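Input: a single structure, listed below in structure tokens.
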Amino acid sequence: MILKKLLSAVCLLLCIQFVKSQGNTHSTSAQQEGIVGKVDSLLAIMTLAEKVGQMNQYNGFWDVTGPAPAEGDAAKKYDHLRNGLVGSMLNVRGTEAVRKVQKIAVEETRLGIPLIIGFDVIHGYKTISPIPLAEAASWDLEAIRKSAGVAAAEAAASGINWTFAPMVDISRDARWGRIMEGAGEDPYLGSKIAIARVKGFQGDNLAAVNTVAACSKHFAGYGFSESGKDYNTVDIGLARLYNTVFPPFEATIDAGVKTFMNAFNVLNGVPATGNAFLQRTVLKGDWGFKGFVVSDWGSINEMITHGYARDGKDAAMLAANAGSDMDMESYHYVNQLEALVKEGKVDESLIDDAVSRILTVKYELGLMDDPYSYCNPEREKQVVGSKENNDLVLDMARKSIVLLKNEGNLLPLSKSGLNIAVIGALSADKDSPLGSWRLAADANTAISVLEGLQGYGGNKLHYEKGPDLVVGEPSFILETKINTTDRSGFDEAVAGAKDKDVVVMVLGEHGFQSGEGRSRASLDLPGMQQELLEAVYAVNKNVVLVLMNGRPLTINWADEHVPAIVEAWQLGTQSGKAIAEVLYGDYNPSGKLPMTFPRSVGQIPIYYNHENTGRPTIPAPDLVFWSHYMDESNDPLYEFGYGLSYSRFQYSNLRLSDNTLVDDGQITATVTLSNTGAYEGTEIVQLYLRDLVASRSRPVKELKGFEKVTLKPGESRDVAFSIDRSLLQFYSQNNTWEAEPGDFRVFVGGSSKTVLDTGFTYKK
Ligand code: NOJ
């Protein structure tokens, strides 16, 4: 008996040694196969508690990106870490801090399994790119891929190996604060951008020291929260789920995304975190996802508040059985899962599956080979904030700007001889352009619009701040308070605008007015900005309005009166430089809106790819029986895909290679694009389709292709789109993806208000 015990102890030791040493030899080609074997061997020697530990993720000790639970004291976390009860940490950053926690996991625990270090690298780490919604306005997949690459390189150089991005939630509700984190309202554009982001983060080799694992979030439906209020209920049908919400998620699996995050919301009655249909049937079943799913912050615990779980133990059981592999900051897995397995309420095979998925990603990241490979302080110094990274985010910033109006060609501005007033609290703000979700960035490090303009010496600038936009120092975790009472600077700003050749007004939202927990019921310019705009316009009509905002705003008055409007979002570190280049014409704007701008909040949700009602148009003058508002137009202020250029583009001669598309064949739609303006410029040519009669009512238009084309003045070019069955497929009444035979319309133009159309028939 003793001999037997001794033998098995020796065996276990050898096994552990083997597991600890084996990583060093794996090469990329043999990697996948090798990893399966290594994961299995490791799993075989893990105790149930150690397995559960891998499924436990703790927040670090300073940044907080959610409400910290009472149990979250550092001492307990360190204890768990030493006992091998932690598989991952988030919000630990910097090579030194990461090495410190990694050292405990690797050198003090029985098996020495390294931690995977997660962080919200949403649009840059230190060198900040435009907010994701702004990047989406570029429709430039290569630039977006590179921007994610910059974020990955800086994060990986700072000890991080996993970003909680991209957020691929489609949303049609600008009230929702998290709209800034995604790619807008369209599943086709959203899917393309999601792929670009995953590729940018993960690169070709996950084990390389400039890449990180990506995370598609929030699975699923989070962007459809009722009334645009964060964390709210989501109740949508299967067709909406499959046709609109799922496509970007599924696209990221094809792009090789390693992880998913579930969501805070209840979807059709069941919290996403405890939703087996989402996580087991669709994600890991139908889509064959091989990576792991992390819960959102405390979302396992929140199932109790939702009234879906009785207590922490029940919540842990429901989440684990439903396919949530890792618990972020709920503490229920680490406290309850072992007992649940012993009581037969969670099958150990599910634990093994979850742990295998987590360990696989750790192997793929190269962490098992060298847990400190991301912890090189020299590299951290070299990579973070490099000139190359700044050049790349500047390029991204230029491409994200959308010109909304330019009456009388007020823009571009002449580079000399002008007397310009620069007005508004956001003009000299060096923090707001960094936007929300830029946790590692140093505050006040963006180039402001004022600084950008000062970079051009030829004109006289007169700056007036006007009233403060916010009260106090807003931060990522605190409510942003808007100044509605202190009028200091108002009159000076109006006086400063008088007698100037041009007034550049920088208005919009503070950088912390969008993002998580920052829904708005009004989309007007906050604070005293509207009043200031009108007062300035009353003394000087030559206003160029530069909008700085994290979501579409209702700027009807500005659209009606102000001659030039530039949508500059929150463009990151290089913000002011990119804006000045556009105002002075060194960069000709080419962005197009990835989201509809409503005229009023009452129109929300307003989106271009809606289905038809039975009564879409007025049947006779003054007749009331049609789908409309009595007090508002049905039209948006600016439609999806809209954006101007200093050039003029003309579309002509839309033709199809055939007017029948047969089963798995393809036809080509070609259009001629001409630059009839005076500047070289770039146009985003958009292709939309409509399925005229189908087993489900289909949208009046759906984006199915786009191409960015640069033309010199007077130049024309044919732009061709290939159309095949894959573009016609949808989640049909048979509850399956299929293309149904019948007639289709093809639309082409420079926005979703297309200018040309034709048609074809699809035959099986
Ligand atoms: C909550 C957010 O919903 C999620 O997107 C984020 O990744 C986590 N907190 C971690 O910060």
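The values are calculated or read from the model by the stated rules, or taken from the named source; none is laboratory data. Just so it is clear, the model here is predicted, and its values are computed rather than measured. Neighbour counts are summed over all protein chains in view; Cβ atoms, including those assigned to glycine, are modelled from backbone coordinates with ideal geometry. Surface accessibility is based on the protein's heavy atoms, side chains included, excluding ligands, DNA and RNA. Shrake-Rupley method; radii C 1.70, N 1.55, O 1.52, S 1.80 Å.
The table that follows gives values for the structure above.
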item: DSSP loop chymotrypsin sites (Phe, Trp or Tyr not before Pro) with at most 10 other Cβ within 10 Å excluded, longest remaining stretch of the chain; result: 63-624
item: Note, ³J(HN,Hα) from phi for the stretch 277-286, Karplus 6.51, -1.76, 1.60, rounded to Hz, x at Gly and Pro; result: 4, 5, 7, 8, 5, 7, 5, 8, x, 4
item: Efficiency of FRET from Cβ geometry, D286 and V624, R₀ 51 Å, rounded to 0.05; result: 0.65
item: Mean accessible surface per residue for the stretch 431-566, computed with a 1.4 Å probe while every protein chain stays in place, in Å²; result: 38
item: Estimated inter-spin distance, N556 and R240, nm [label 7 Å along Cα→Cβ]; result: 2.5
item: Euclidean distance between Cα centres, the stretch 622-661 to the stretch 125-142, Å; result: 26
item: Contour excess over end-to-end distance, with Cα ends at K541 and S726 and 0.36 nm allotted per residue; result: 61.6 nm
item: GluC sites (Glu not before Pro) within the stretch 307-351, DSSP loop, no more than 11 other Cβ atoms inside 10 Å; result: E343
item: The stretch 632-679, relative contact order [Cα under 8 Å, separation at least 6], %; result: 43
item: Dipole of the chain, positive end: most advanced residue of Q650, V106, N243 [Cβ charges, Cα centre]; result: V106
item: Nearest-10 value in Å² for the accessible area of T758, using the 1.4 Å probe; result: 30
item: Kirkwood-Stokes translational diffusion coefficient of the stretch 688-764, alpha-carbon pairs, 25 °C, 0.890 mPa s, µm²/s; result: 176
item: Relative contact order of the stretch 557-704, defined on C-alpha pairs under 8 angstrom at six or more residues apart (%); result: 24
item: Enclosed volume per residue, in Å³, of the convex hull spanned by Cα atoms of the stretch 71-130; result: 88
item: Amide H within-cut-off set for F164, under 5 Å, with H built and near neighbours excluded; result: F119, D120, V121
item: Cβ-Cβ FRET estimate between D663 and D254, R0 fixed at 22 Å, reported to 0.05; result: 0.45
item: Cα-projected label distance for K712 with A428, points at 7 Å along beta-carbon direction, nm; result: 4.4
item: Amide H partners (placed H, <5 Å) of N56, local residues excluded; result: G87, S88, D327
item: Difference of contour (0.36 nm per residue) and Cα-Cα distance, R310 to K498; result: 61.2 nm
item: Surface/4 estimate of mean projected area, convex hull on alpha-carbon atoms of the chain, nm²; result: 35.5
item: DSSP-assigned coil residues among trypsin sites (Lys or Arg not before Pro) in the stretch 412-521, each with at most 14 further Cβ atoms within 10 Å; result: K415, R487, K498
item: DSSP-defined antiparallel bridges as percent of all bridges, the chain, nearest 5; result: 55
item: All Cα pairs of the stretch 237-341, percent lying beyond 21 Å; result: 32
item: With every protein chain in place, the chain: carbon and sulfur % of accessible area (1.4 Å); result: 51
item: Whether the stretch 438-512 is rounded, prolate or oblate, judged on the alpha carbon gyration tensor where a/c under 1.5 counts as rounded; result: oblate
item: Sequence-distant residues sharing a close amide H with G705 (under 5 Å, placed H); result: L687
item: Rounded D (µm²/s) - the stretch 191-295, Kirkwood Rh over Cα pairs, Stokes-Einstein at 37 °C, 0.692 mPa s; result: 233
item: Distance from the stretch 521-554 to the stretch 350-422 (C-alpha centre basis), Å; result: 29
item: Residue-averaged 222 nm ellipticity for the chain, from DSSP H runs of 4+ at -39500 (n - 2.57), nearest 500; result: -8500 deg cm²/dmol
item: Overall form of the stretch 594-725 per C-alpha gyration tensor (a/c, 1.5; a/b vs b/c); result: oblate
item: Difference of contour (0.36 nm per residue) and Cα-Cα distance, K229 to Q530; result: 105.9 nm
item: Taking the chain and dividing mean pair separation by its residue count, relative contact order in percent (alpha carbons under 8 Å, at least six apart); result: 13
